[in-house]
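The values are calculated or read from the model by the stated rules, or taken from the named source; none is laboratory data. On a predicted model such as this, the values are computed, not experimentally measured, just so you know. Cβ placement follows ideal geometry from the backbone for every residue including glycine, while neighbour counts extend to all protein chains displayed. In case anyone asks, the SASA skips ligands and DNA or RNA and just uses the protein heavy atoms, side chains included. Shrake-Rupley method; radii C 1.70, N 1.55, O 1.52, S 1.80 Å.
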Amino acid sequence: MTTARGVDARGVHSPGRAAVGSGTLRADRWWLAPAATTAGLLAFLVYGGVRAFQQQYFFADERYLTPFYSPCVSLGCASEPGAAHFGMFLPDSPLIPYAALSLPFLLGFRLTCYYYRKAYYRSIWLSPPACAVPEPHATYTGETRFPLVLQNVHRYFFYVALLVSLINTYDAVVAFRHPTDGFVVGVGNLVLLVNVALLWCYTVSCHSCRHVMGGRLTHFSKHPVRYRLWTWVSALNTRHMLFAWVTLGTLVLTDLYVALVAAGTITDLRLVG
Ligand code: FES
C-alpha cells in the first residue's frame, strides 16, 4: 500500500499519523549517540575476533592469562605451560579459539543482554535510531517471532556467565603465584583484579540475576534474605549500562596489557616479590 505521494503507507506513514514532510524535525546531532554506539560495538567485536584467533601472546610472565583465552582448553595451549588450568581437549586448529568453550557463551550473554539489545536495536537496526526520528522499517513485531524470540535464552547464558566469572576470578587469584618466585604482585595482578571485579559487577547487575534473586515473590517479608539480595542487585542493576561499556573497555585493556607483556613490548612492574 502506498500514499498519494508514492510512499509506503505503513509504519510512520500509516493513515492517522501526522504527515511530516522531512525525515525528522530534530535539528540537533541526534545521530551522534547511535553512531558512537555502533562504532564502539564494532570496534570491540573486531578487536576481540582478531585476538581470539591470534593464538599468540595470551599468557605473560608465566602467570597472567588474558580473559580472551580463559579457560585455555585447546591442545595449542601447551605452547604456554601453566596457561591451561582445566585440561586441554579441544583440537589445535587456527579456526578454533583456545577458549572456544567459553567465548560463544560470553558472546551470547552479551548479544542477548537487555542493555545491548536496546543499544543495537537502536543504533544498528535503527528501530528507532532516536526519539522523534522515524525508523526505516514498515512493520514492528518486537521480539515475538523467530529469530528475536530466541533472545529469551539470556537467562541461561547468565548461568554460564557466572561460571566463567568464577574461572576469571580463579585466573586472577592464581596469577599471584609465580612458578619459581612464589608469591608476587605486579601491575598485571592489579589489572586482572580490577577487570574481574568489574566483570562481576556486570554479571551480577544482569536483569536475569535480579529476577533470580527476587522474582516471583508475592511477599518479600517472608523471604528476607532474597529481598536483601534483590535490593543489592537492584542497586547495581541501575548501572548495568555503565558496567556493560566499562567491561568492554577493561576486557580490551586487560588483554592488551597481557599481550604487550607477553610480546616483550613492555615489562610488568613488580610491586612485591
Ligand atoms: Fe545485561 Fe543480563 S541484562 S547481562
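Of the residues screened, Val194 is one that is part of a helix (DSSP H, G or I), more than 16 Å from the ligand (Cβ to nearest atom), within 26 Å of Val46 (Cα to Cα) and at pLDDT 95 or above. Would you call Ser221 among the polar types (S, T, N, Q) and open to solvent by 50 Å² or more (accessible area, probe 1.4 Å)? Answer is yes for this residue.
Of the listed requirements (1) in contact with a Ser or Thr (Cβ under 7 Å, 6 or more places away or on another chain); (2) farther than 30 Å from His211 by Cα, Ser123 misses just one: (2). Name the residue that is least open to solvent (accessible area, probe 1.4 Å), counting only residues in segment 167-206 that are among the small types (Gly, Ala, Ser), within 22 Å of the chain's Cα centre (by Cα) and farther than 14 Å from Asp255 by Cβ. Out of the qualifying residues, it is Ser205. Just one of the listed residues (Ala262, Ala235) is over 15 Å from the mean Cα position of the chain (by Cα) and without any contact (Cβ under 8 Å) to a residue 12 or more places away in the chain, and it is Ala235.
Give the residues of segment 201-242 that are hydrophobic (A, V, I, L, M, F, W, C) and either within 12 Å of the ligand (Cβ to nearest atom) or not in a helix (DSSP H, G or I) (or both), sorted by residue number. Result: Cys201, Val204, Cys206, Cys209, Val212, Leu217, Val233, Leu236, Met241, Leu242.
Rundown of residues vs (1) within 16 Å of the ligand (Cβ to nearest atom); (2) in contact with a helix residue (DSSP H, G or I) (Cβ under 8 Å, 6 or more places away or on another chain), yes/no style:
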{"site": "Arg122", "(1), (2)": "yes, yes"}
{"site": "Glu135", "(1), (2)": "no, yes"}
{"site": "Thr144", "(1), (2)": "no, no"}
{"site": "Asn152", "(1), (2)": "yes, no"}
{"site": "Arg155", "(1), (2)": "yes, yes"}
{"site": "Asp181", "(1), (2)": "no, no"}
{"site": "Gly186", "(1), (2)": "no, no"}
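Evaluate the following for Leu236: is it of a type in the set (A, V, I, L, M, F, W, C), surrounded by 15 or more Cβ atoms within 10 Å (Cβ to Cβ) and either over 25 Å from Tyr116 (Cβ atoms) or out of contact with any Ser or Thr (no Cβ under 8 Å at 6 or more places or on another chain) (or both)? So Leu236 fails the test. Among the residues making up segment 137-166, those that are aromatic (Phe, Trp, Tyr) and either open to solvent by 60 Å² or more (accessible area, probe 1.4 Å) or farther than 11 Å from Phe105 by Cα (or both) are Tyr140, Phe146, Tyr156, Tyr159. Inspection of segment 59-67 identifies no residue that is among the hydrophobic types (A, V, I, L, M, F, W, C) and without any contact (Cβ under 8 Å) to a residue 40 or more places away in the chain.
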